[in-house]
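See structure below.
Every number here is computed from the coordinates shown, using simple stated rules; none is lab data. Remember, it's a predicted structure, so these values are computed and weren't measured experimentally. Note that each Cβ is placed from the backbone with ideal geometry, even for glycine, and that neighbours are counted across all protein chains shown.
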Amino acid sequence: MHKILLRIAKAGMVSQPAPAPDPTLRTLAPRFSEEILHRLGRALCIRHVDAGSCNGCELEIHALNNPYYNLEGLGIRFVASPRHADLLLVTGPVSRNMEEALRRTYEATPEPKLVVAIGDCGCSGGIFGENYASRGRVSSVVPVDVAVPGCPPEPVAILKGILTAVTGVRRNSAASR
């Protein structure tokens, strides 16, 4: 133990420098909060569904919750029940085992509901495609409003995808479904 402490004292603090502020976040944050309050009148509640991903997209989603991106400060929070959600955030290709669970989650989400498919696997099936174990893309199981490509997509791209869904660029209302 003594040797380890001496090595630590000699080496000093070994870490990466803090990231520089992202100018995209500075312009995106005020617009994001305004849109959410204008459209919903309250916080945006998201239910995340992992439909069979490799967890790469989940790591980027978890990064959204850190102080750098400050998701809570933008008026967005994750909820445990689809009955409290406004938006479903789906990652991964839909495995046959998760197909029914995803449908039930979608049906349990109250109107107007939004669906955002995250990552190449969620958008197109990725390297898994459609086979005996996978239904492929999310849109083959439930309707998707916005698809955010990338393997995995950056947290800012996920934020932009959520903002696109909330502003209704793809679909203006649940009546258009």
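Between T164, H84, V146, whose Cα lies farthest towards the positive end of the dipole of segment 44-169 when Lys and Arg beta carbons carry +1 and Asp and Glu beta carbons carry -1, centred on the Cα centre?
In segment 44-169, that residue is H84.
Dipole of segment 41-134 (Lys/Arg Cβ +1, Asp/Glu Cβ -1, origin at the Cα centre): which of V116, I127, L74 lies farthest to the positive side?
Farthest towards the positive pole: L74.
Can you spot the lysines whose alpha carbon is less than 30 Å from K113's alpha carbon? Ignore those fewer than 8 places along the same chain.
K160
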